[in-house]
Every structure is written in C-alpha cells, then in structure tokens.
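Read through the structure below, which is laid out as structure tokens, and then see the notes.
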Amino acid sequence: MVSPALHGIGKAAARIAAVLLFAVAGPVLAETSLPVLPGEDDRVMAETAAPAPAGLPALVQMVAAAPAVAAGDAELDCLATAVWFESRGETLEGQLAVAQAVVNRAKSGRWGKGMCGVIKAPRQFNFNAARVQRSTATFTTALAVARIAAAGLWHDIAEGAHSFHSARLNPGWRLARVAKIGNHVFYR
C-alpha cells in the first residue's frame, strides 16, 4: 500500500523505474554469455553502444533526463526545495541522505502530513521556499534526487535517519547518531 503522502508520486515512480530498468538492465543483459546469432542490426548496435555509467551519479542523470512529473506535484516540489536549500553544495550522497530523512519524517507522520507538512512544520526547516532558483542546474539535480528518494530507488544512505543538522553545530540532541555525510550529521 502506498502512503497517502506519496500516492501522487506513484505514477512518476513507475515511469522512472521503467526507464531505469531498461537503462540499467540492458547493458547487463547484453554482457551475458548466451549465444547470439549475428544479424545486421546486432553489428550496428555493438558498434554504437557506449559503456553505461554506474552508481548514484548515473541514476541521478537518468532520473533528471526522464519525463517530467506533473507540474502541480507539490509534494515533490517541497522535497526538492528542501534538498536544494539544505544540501545543494553537498555530494549526491549527502543530498540523497537529506531527502531520505525528509521522506522518513513524512512516512512517520510525526512531523506533519506529507512532504510539505514536514517542510512547513514550525521550527523544523529554516528557509524561504519562495527564494528557490528553479531554473538552475542545482535545482534540476535536487529534483532528480527528490524523485529518487520519494520513489525509494536507492538504498538508505543514513539508515533510518529522520533528523539532521549542520556538522558545525552541536544541538545536544538525545538521538542515536547514524552518520556524518559531508557537512551534515544524521540521527534517528
């Protein structure tokens, strides 16, 4: 069953999963030891095929190039906005850990209803969403990272984390520290 907060992302996640399946599984299947009968099309494909990039950077690149989600997807926009403001200078792993922490909060329901509820909860996030620069490459990356986190397409970077802060701060939280990734410390 899909969480109500993530329900609108379901169709987009299915499209992303299909694109990723063909992009990731295609090269793997092509490298099998099964006998292949040569044909004119096979030679052309072998000559033009380039090695596929791997890892999180490749996934972000594929998701960013996938068909856009509905323009009115406020939940995904809230998550991407949080990623952009909180971690746009971080590595992709750091950005994904931030996104996954917000998704974990939304799933729990303790910090608000859905992604926007989590982001707009009092005393939780400290940014002005109206100032997001949506036409930048960094927001495109943040949107791709948000789509990956919302659809659960990558393993949990900071396992089970629901809270994080800048590494330069020491808030004295009584939570279990999960990881330090880039400039953020994650807790559950």
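Sort out for me the helices (runs of 4 or more DSSP H) sitting completely within region 62-157 that have 1 or more residues that are on the phi > 0 side of the Ramachandran plot.
Numbers: elements: 74-87, 92-108, 114-120, 137-151.
Counting at least 1 such residues, we get 114-120.
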Condition first: within 16 Å of THR136 (Cα to Cα), within 13 Å of the chain's Cα centre (by Cα) and either modelled with pLDDT of 90 or more or surrounded by fewer than 13 Cβ atoms within 10 Å (Cβ to Cβ) (or both). Now tell me which residues in region 44-77 satisfy that. ASP77
Looking at (1) of a type outside the set (Phe, Trp, Tyr); (2) out of contact with any strand residue (DSSP E or B) (no Cβ under 9 Å at 6 or more places or on another chain); (3) more than 11 Å from LEU96 (Cα to Cα), which is the only condition ARG147 fails? (3)
Does region 168-183 include one or more residues that are part of a helix (DSSP H, G or I) and either among the aliphatic types (A, V, I, L, M) or surrounded by fewer than 18 Cβ atoms within 10 Å (Cβ to Cβ) (or both)? no
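Kindly indicate whether PRO171 is more than 18 Å from GLY182 (Cβ to Cβ), at pLDDT below 95 and out of contact with any Leu (no Cβ under 8 Å at 6 or more places or on another chain).
Numbers: more than 18 Å from GLY182 (Cβ to Cβ): no; at pLDDT below 95: yes; out of contact with any Leu (no Cβ under 8 Å at 6 or more places or on another chain): yes.
Criteria not met by PRO171.
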Output the qualifying pairs, or none if there are none: Cβ atoms under 7 angstrom, residues six or more apart or on different chains, first residue in region 122-144 and in contact (Cβ under 8 Å) with a residue 60 or more places away in the chain, second residue not β-branched (Val, Ile, Thr). THR140/ALA64; THR141/ALA64; ALA142/ALA80; ALA142/TRP84; ALA142/ARG88; ALA142/GLN95; LEU143/ALA80; ALA144/ALA64
Which condition breaks for VAL178 when tested against (1) more than 18 Å from the chain's Cα centre (by Cα); (2) under 16 Å from CYS78 (Cα atoms)? (2)
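The values are calculated or read from the model by the stated rules, or taken from the named source; none is laboratory data. What you are looking at is a predicted structure, and each value in this text was computed from that prediction instead of being measured. With ideal geometry, Cβ positions are generated from the backbone for all residues, glycine too; neighbour counts draw on all protein chains shown.
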